[in-house]
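The values are calculated or read from the model by the stated rules, or taken from the named source; none is laboratory data. Values in this document were obtained by computation on a predicted structure and should not be read as measured data. Cβ: placed from backbone, ideal geometry, glycine included. Neighbour counts: every protein chain shown.
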Amino acid sequence: MSAKKLSASRARQILAAAQKTRVLVVGDVMLDQFIWGGVSRISPEAPVPVVDFQRESFMPGGAANVARNLVHLKTPAELFGAIGRDEAAGKLLKLLGEQNIGCAGLVKSSTRHTSIKTRIVAHQQQVVRVDRETRGALDAKTTASLLAEIKKKISSADAVIVGDYGKGVVTQPLLNEIKTLCHARGVWLSLDPKPVHHLNLNGLSLITPNRKEAFELADLPDDTKNANLFADKNLMLVAERLLKELNPALLLITLGELGMLLCQRGEKPFHIPTVAQEVFDVSGAGDTVIASFTLAIAAGASPIEAAILSNHAAGIVVGKVGTATTTPEELVKSF
């Protein structure tokens, strides 16, 4: 099927309907710090570039960036996760408030640090990244507090997105309870997986691994690549195995410059080629994909329409520097 199946007017219709939905985002929230500068010399102390500081900026990262993508596409979003009692938490809460992201579901814990990712960028290129975070599993008491907040809001939700970045908030008990809550109410449940976590991902509405994550989830080596995806036997085997073993309603494998592969049981996989014109920065592109796909489904789009819409959204954000988002106007214009 051709990727021209979604018109600008249909995209506009989906995005307008999404404004009347509500999406809950649960997972590892972070603060993204960017230090911007220029490089004109190499350090005399070690063979590394010296970055002349120009400015710094902060934005919500991880699951908070998924929520940010939703609100920038005019879809109301509420965020659930754990933060520390530290300066970074204050900064993150201020940013979320400014962007109209509901953050009453962020539980404060004195035993955790708020995750901060510091990226040093010179001449539009990332030089190095520094991570400050807690990676241990969330304790039972904080998990219970988090679930209590989710239960308060689940009845008014059209969809839930779980963003697992391997920082310990998404545990098996938390995921099991969210699955039970969503299944009982017929709420769509999307998850962006982190295979190193070894969670039981059975019975979700949507899983969005990239190629590397898909092979890890299927426990298969990725030793062949083929630009013709349907001739890529290993990739087809991975898709088949994940559909059979994890039983999601939909599997969306993101493939970078090769676009995306949408897989459903009993149907031939559907390939959506990338629409990115230029790629400056892929950080946060996966957040854009899961946010835009889920809001499209919540707004009544078909899986193929949702996949095409999210492919266009990803194509826009990778053309921007930093953890970027897109707007309904930009998205419609891209069609």
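Observations on the model:
- Some residue of segment 208-215 being within 18 Å of the chain's Cα centre (by Cα), farther than 24 Å from Val162 by Cβ and in contact (Cβ under 8 Å) with a residue 24 or more places away in the chain: no
- Residue within segment 154-172 that is acidic (Asp, Glu) and assigned to a loop (DSSP other than H, G, I, E, B) present: yes
- All positions within segment 122-131 that are of a type outside the set (Val, Ile, Thr) and in a strand (DSSP E or B): Ala122, Gln125, Gln126, Arg129, Asp131
- Of all residues in segment 94-121, those that are within 24 Å of Leu147 (Cβ to Cβ), part of a helix (DSSP H, G or I) and out of contact with any Cys (no Cβ under 6 Å at 6 or more places or on another chain) total 1.
- Residue check: Phe34 meets all listed conditions (1) in a strand (DSSP E or B); (2) in contact with a Pro (Cβ under 9 Å, 6 or more places away or on another chain) but one, namely (2).
- For Glu98: the one exception among (1) more than 24 Å from Ala77 (Cα to Cα); (2) loosely packed, with under 13 Cβ neighbours inside 10 Å: (1)
- Of the criteria (1) touching a helix residue (DSSP H, G or I) at 6+ places or on another chain (Cβ under 6 Å); (2) closer than 30 Å to Glu329 by Cβ, which one Ile116 fails: (2)
- Residue check, Thr75 part of a loop (DSSP other than H, G, I, E, B), surrounded by 20 or more Cβ atoms within 10 Å (Cβ to Cβ) and either of a type in the set (S, T, N, Q) or in contact with a helix residue (DSSP H, G or I) (Cβ under 8 Å, 6 or more places away or on another chain) (or both): yes
- Any chance Thr134 is touching a strand residue (DSSP E or B) at 6+ places or on another chain (Cβ under 8 Å), part of a loop (DSSP other than H, G, I, E, B) and over 17 Å from Arg68 (Cα atoms): yes
- Filter result for Val317 (within 30 Å of Ala157 (Cβ to Cβ), β-branched (Val, Ile, Thr), modelled with pLDDT of 90 or more and touching an Asp or Glu at 6+ places or on another chain (Cβ under 9 Å)): no
- Subset of segment 185-197 [closer than 14 Å to Ile150 by Cα and part of a helix (DSSP H, G or I)]: Arg185
- Gln54 being part of a strand (DSSP E or B) and buried (at least 19 other Cβ atoms within 10 Å of the Cβ): no
- The residues of segment 166-220 that are in contact with a Lys or Arg (Cβ under 7 Å, 6 or more places away or on another chain), at pLDDT below 95 and buried (at least 23 other Cβ atoms within 10 Å of the Cβ) amount to a single one, Lys167.
- Cross-chain or 6+ apart pairs with Cβ under 6 Å, segment 249-278 first and closer than 24 Å to Gly186 by Cα, then of a type in the set (Val, Ile, Thr) and modelled with pLDDT of 90 or more: Leu251/Ile207; Leu252/Thr208
- Among (1) more than 24 Å from Val275 (Cβ to Cβ); (2) at pLDDT 95 or above - the single one Ser40 does not satisfy: (2)
- Residue selected from segment 221-234 under the condition part of a loop (DSSP other than H, G, I, E, B) and free of Cβ contacts under 8 Å to residues at least 24 places away in the same chain, by the criterion surrounded by the most Cβ atoms within 10 Å (Cβ to Cβ): Asp232
The rows are residues; the columns are (1) surrounded by fewer than 17 Cβ atoms within 10 Å (Cβ to Cβ); (2) among the charged types (D, E, K, R).
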| site | (1), (2) |
| --- | --- |
| Gln125 | yes, no |
| Arg129 | yes, yes |
| Arg135 | yes, yes |
| Ala148 | yes, no |
| Lys151 | yes, yes |
| Ala157 | no, no |
| Val160 | no, no |
| Asp164 | no, yes |
